[in-house]
Amino acid sequence: MSALLPDSGLPDALGARRLSQGITATWWYTVSGVMIFQVMVALIWLTVLVGRDTDPLVVAVVGVTSLLWCAASVPLLLQYRHRDDSAGPFANWRGIVVPMAVAVVFGVLAGVLTGIWVFGALPIAQSLMLLNWPRGIRVRLLVIVMVVLGALSFIDLRTSFTDVDVRESSGWWLFTFFAVMLPAMTVMSLWWWDVLVTLDRARAAEARLGATQERLRVATDVHDLQGHHLQVIALQLELAERLLGKDDPDAALEQLRLARTSVADARQGTRDLAMRFRGVPLPDEIANAVDLLRAAGTTADAAVSADAAAAPASVLGPVIRETTTNVLRHGGGKWARLSLSLSRDGRYWRYEISNDAPHDSADTGGGSGLEGITRRVTEAGGDVHMDRGKGEFHVIVTVPGSAIGAEAGR
């Protein structure tokens with residue numbers, strides 16, 4: 001896709017920006033999910049305390065400190081977003097010491113005030129799950145934490161809840177379930193984030209590898225072409241030099257003529273090589289344009305006639321690239337449609353691209369790019385028509401079937 005608009009840099013910029021936005025949104029979904037689950041556990045926690053007729057002052061203190069614990073979890077999550085796989089959980093100890101201290105103080109305070117063990121262990125266990133543990137250690141630690149929380153819940157049920165009605169209340173069982181599952185849900189959410197980051201890094205590495213391979217291929221072709229011709233030219237010039245030393249100027253002149261011919265062949269070969277990389281069949285141009293628009297988040301489709309490969313690519317190729325750039329720069333970004341077809345009489349090719357136009361933009365589609373398209377198409381004997389409808393923008397280009405010859409002669 002980046003080959004579609006090699007000079008603008010726009011596809012890479014737009015694709016990277018929109019992909020970054022999607023990854024950022026996914027990260028905040030992850031943070032929101034963890035925090036909502038944690039706050040919900042804290043609310044159920046308070047419900048259990050109220051159901052036990054706990055002193056209102058204790059309920060108030062536990063409620064306020066539970067909010068502080070939830071707030072202290074946010075810095076740990078923010079640090080996790082930029083985790084380094086090679087770093088340990090305490091590599092950035094200055095950033096975790098305050099949140100961990102809040103969790104420990106809150107856990108001890110809640111455990112002492114309520115006399116319930118799991119209340120004291122849960123904040124510490126949850127905060128430990130948010131640290132940058134290696135994956136293998138994280139799973140083992142999760143198993144240990146869930147077993148400990150389950151055991152403490154059972155102990156609390158046997159020792160702190162003597163009233164049968166309270167012991168059988170749904171609030172306690174609900175809290176027990178969510179308390180044990182909170183670390184597991186947190187680890188699963190962070191694991192999903194790790195998978196997303198790994199896939200994004202793999203995508204970026206694949207893109208860099210593809211670009212590197214393409215550069216190597218071009219460099220190899222240029223080296224083979226130029227190396228051959230330069231070697232021949234060097235031998236011809238060396239032979240001419242020897243012939244001059246033997247007082248045979250006619251033969252030396254013939255070798256110089258051959259060297260000049262080799263130079264011309266090298267120039268033509270280089271020109272042909274450049275045209276081979278530049279010349280993309282129009283169906284491929286449109287397919288690349290659709291892929292590029294979709295990568296930028298636009299819903300795009302195309303209708304291309306079966307014989308589109310015979311269309312004048314030298315004229316319509318730059319038109320397709322420039323109009324695609326125009327949609328990316330000035331379009332609304334929701335939808336785009338492309339079409340390329342031959343007129344019924346077979347005399348003209350008709351290319352059309354339509355897209356949504358932002359309502360707050362009066363110059364949609366403007367700029368020197370479309371002016372350059374108009375000049376190019378006009379010189380090839382064609383016509384360009386632009387139409388701004390209500391919330392839509394259309395560019396219609398018609399060129400004669402023989403435009404390729406006119407363009408090539410130019």
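Listed by first and then second residue, the pairs with beta-carbon distance under 8 Å, at least 6 apart or on different chains, first residue in the stretch 233-249 and in a helix (DSSP H, G or I), second of a type in the set (Val, Ile, Thr), are Ile233/Val263.
The single residue among Ala310, Ala264, Ala289 that is outside the structural domain of Leu225 (by TED's automatic domain parsing), among the small types (Gly, Ala, Ser) and at pLDDT 85 or above turns out to be Ala289. Just one of (1) without any contact (Cβ under 8 Å) to a residue 24 or more places away in the chain; (2) closer than 21 Å to Ser73 by Cα; (3) not acidic (Asp, Glu) fails for Val139. It is (1). Considering only the stretch 128-135, I want to know if a residue exists there that is touching a helix residue (DSSP H, G or I) at 6+ places or on another chain (Cβ under 8 Å), in a helix (DSSP H, G or I) and exposed (fewer than 13 other Cβ atoms within 10 Å of the Cβ). Yes: the stretch 128-135 contains one or more residues that are touching a helix residue (DSSP H, G or I) at 6+ places or on another chain (Cβ under 8 Å), in a helix (DSSP H, G or I) and exposed (fewer than 13 other Cβ atoms within 10 Å of the Cβ).
Filtered by the rule that a residue be of a type outside the set (A, V, I, L, M) and either outside any helix (DSSP H, G or I) or in contact (Cβ under 8 Å) with a residue 12 or more places away in the chain (or both), the stretch 215-232 gives Asp221, Gln226, His229.
The number of residues in the stretch 48-57 that are exposed (fewer than 14 other Cβ atoms within 10 Å of the Cβ) and either among the basic types (Lys, Arg) or in a helix (DSSP H, G or I) (or both) comes to 3. Restricting the stretch 287-299 to residues that are crowded, with 21+ Cβ neighbours inside 10 Å and either small (Gly, Ala, Ser) or not in a helix (DSSP H, G or I) (or both) leaves a set whose member that is farthest from the chain's Cα centre (by Cα) is Ala289. Count, please, the residues in the stretch 349-374 that happen to be modelled with pLDDT under 80 and part of a loop (DSSP other than H, G, I, E, B). Residues that pass the stated criteria total 10.
Take the stretch 303-348 and flag every residue that is in a helix (DSSP H, G or I) and surrounded by fewer than 17 Cβ atoms within 10 Å (Cβ to Cβ). Passing the criteria: Ala309, Ala310, Arg329. Apart from one condition, Gly401 fits all of (1) surrounded by 18 or more Cβ atoms within 10 Å (Cβ to Cβ); (2) at pLDDT below 85; the exception is (1).
Scanning the stretch 84-111 for residues that are loosely packed, with under 15 Cβ neighbours inside 10 Å, in a loop (DSSP other than H, G, I, E, B) and in contact with a helix residue (DSSP H, G or I) (Cβ under 9 Å, 6 or more places away or on another chain) yields Asp85, Phe90. Residues considered: Leu244, Leu225, Leu196. Of these, the only one that is surrounded by 14 or more Cβ atoms within 10 Å (Cβ to Cβ), of a type outside the set (Lys, Arg), in contact with a Gly (Cβ under 6 Å, 6 or more places away or on another chain) and at pLDDT below 85 is Leu225. Going residue by residue through the stretch 84-94, is there one that turns out to be modelled with pLDDT under 85 and within 21 Å of Met185 (Cβ to Cβ)? Yes, the stretch 84-94 has at least one match.
The values are calculated or read from the model by the stated rules, or taken from the named source; none is laboratory data. Here the structure is a predicted model, which is why all the values come from computation and not from measurement. All Cβ positions, glycine included, derive from the backbone under ideal geometry; neighbour counts span all protein chains shown.
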